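There's a structure below that I have some questions on.
The values are calculated or read from the model by the stated rules, or taken from the named source; none is laboratory data. Everything numeric in this text was worked out from a predicted model, so none of it was measured. No Cβ is skipped: glycine too gets one built from the backbone with ideal geometry, and neighbour counts run over all protein chains shown.
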Ligand code: NAI
């Protein structure tokens, strides 16, 4: 496959599911796999949020993998979590390889409390499983009038700039800030041109990908999601530098495996992943008047909306706006979910042989 236009596409059948139903279906499946109710509930909340934002790469599509990982012991079902306060504004949340979305959220709550008390919090979540879409965490901080920054490690699947071998993960980073009127501004991205989940999504829909996302085993750009050998960093050496810094801050800083030593999502599905995530939360009140701060972000948003659109664009969106618009629409009208995922969620099935032992680029 060479050009996106020339590929015959088999569009996936989509069903619309109301958030409460999707929440219940995901929670039930994760509980069926062995997760305790409170943890399954939090993970389901997170996944429904991601799908509601249109981040389908990190929504219900992941449940099949999580269920297999949980059922095979890759997630600690009764994690002995512990918050170690290491200074007035610093701490480590030891997550004992508990369910990523659950333990990452517990760590976030510690960070929020600390930032409110001391003006800033730098909190690492140490030894967690996959934590999903980072928007979920930073948006919560911004809803409490904090500026939120989050970053985490991810399985190695990216070539460093100028290299042909894989070294880093898709190492995402997200930011959020509170606004006076609207929902917080949330910017959240993988440091690769696309997250691996987007390729997974394209694979499941049998859709071609742009030739700027990934390379095949010979290091050549590819449009076939089934041929992907490694992903490309955003903006060449700049994205490559950013993914290194994310790895330093969320991995090396917390004493965790780093770079190519970070665990693979599928390879050892029966073992804890030992991933790291870092939060930096800032209380704007310690720097400026909070109302003025929020007012000025509102002004920025309004001014961005007034920018004349370039040829081919209808309007300028503020960063993250498209996700927020999706959120409002899907929460009200139902979330688009692939029919095969919906059927899986409605079934009793827990797979034991879909993911385990496969390479980073398994479906
Ligand atoms: P993306 O490329 O879809 O979007 C990146 C950002 O750009 C978003 O904030 C989006 O709202 C904004 N944006 C997109 N189009 C825009 C436009 N026209 N105007 C203004 N802003 C626009 O996101 P990406 O990089 O594919 O990441 C998806 C998710 O994957 C994120 O939630 C990320 O946290 C998650 N992820 C999680 C990983 C993990 O291991 N936990 C690993 C990698 C990614």
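Which is over 26 Å from residue 125 (Cβ atoms) and modelled with pLDDT of 95 or more, of 237, 233?
237
Answer with yes or no whether residue 92 is away from the ligand (no atom under 16 Å from the Cβ), modelled with pLDDT of 95 or more, within 18 Å of the chain's Cα centre (by Cα) and farther than 22 Å from residue 268 by Cα.
no
Kindly indicate the residue of the range 196-218 that is assigned to a loop (DSSP other than H, G, I, E, B) and touching a strand residue (DSSP E or B) at 6+ places or on another chain (Cβ under 8 Å) and also farthest from residue 147 (Cα to Cα) among those meeting that condition.
The extreme case among them is 211.
For the range 58-81, does any single residue satisfy the condition of being assigned by TED's automatic domain parsing to the domain that holds residue 29, within 15 Å of the ligand (Cβ to nearest atom) and within 27 Å of residue 147 (Cβ to Cβ)?
yes
Assigned by TED's automatic domain parsing to the domain that holds residue 177, closer than 25 Å to residue 50 by Cα and within 14 Å of the ligand (Cβ to nearest atom) - does that describe any residue in the range 335-343?
no
Report whether or not residue 77 is in a helix (DSSP H, G or I) and over 18 Å from the mean Cα position of the chain (by Cα).
It is false that residue 77 is in a helix (DSSP H, G or I) and over 18 Å from the mean Cα position of the chain (by Cα).
Follow-up. Which count do you get for residues in the range 124-139 that are closer than 27 Å to residue 257 by Cβ, within 13 Å of the ligand (Cβ to nearest atom) and touching a strand residue (DSSP E or B) at 6+ places or on another chain (Cβ under 8 Å)?
Within the range 124-139, residues that are closer than 27 Å to residue 257 by Cβ, within 13 Å of the ligand (Cβ to nearest atom) and touching a strand residue (DSSP E or B) at 6+ places or on another chain (Cβ under 8 Å) number 10.
Spot the failing condition for residue 54; the list is (1) in contact with a strand residue (DSSP E or B) (Cβ under 9 Å, 6 or more places away or on another chain); (2) not in a loop (DSSP other than H, G, I, E, B), and only one is missed.
That leaves (2) as the condition not met.
To continue, here is another question. Tell me the residue from 115, 177, 142, 195 that is touching a residue at least 12 places away in the same chain (Cβ under 8 Å) and away from the ligand (no atom under 14 Å from the Cβ), please.
So the residue among 115, 177, 142, 195 that is touching a residue at least 12 places away in the same chain (Cβ under 8 Å) and away from the ligand (no atom under 14 Å from the Cβ) is 115.
While we're looking at this one, here's another question. Given (1) within 16 Å of the ligand (Cβ to nearest atom); (2) crowded, with 21+ Cβ neighbours inside 10 Å, where does residue 27 come up short, assuming only one miss?
(1)
Condition check: under 19 Å from residue 239 (Cα atoms), assigned by TED's automatic domain parsing to the domain that holds residue 283 and either within 15 Å of the ligand (Cβ to nearest atom) or crowded, with 23+ Cβ neighbours inside 10 Å (or both). Does residue 151 satisfy that?
yes
May I ask you to verify whether residue 121 is more than 15 Å from the ligand (Cβ to nearest atom) and either in contact with a helix residue (DSSP H, G or I) (Cβ under 7 Å, 6 or more places away or on another chain) or not in a helix (DSSP H, G or I) (or both)?
Criteria met by residue 121.
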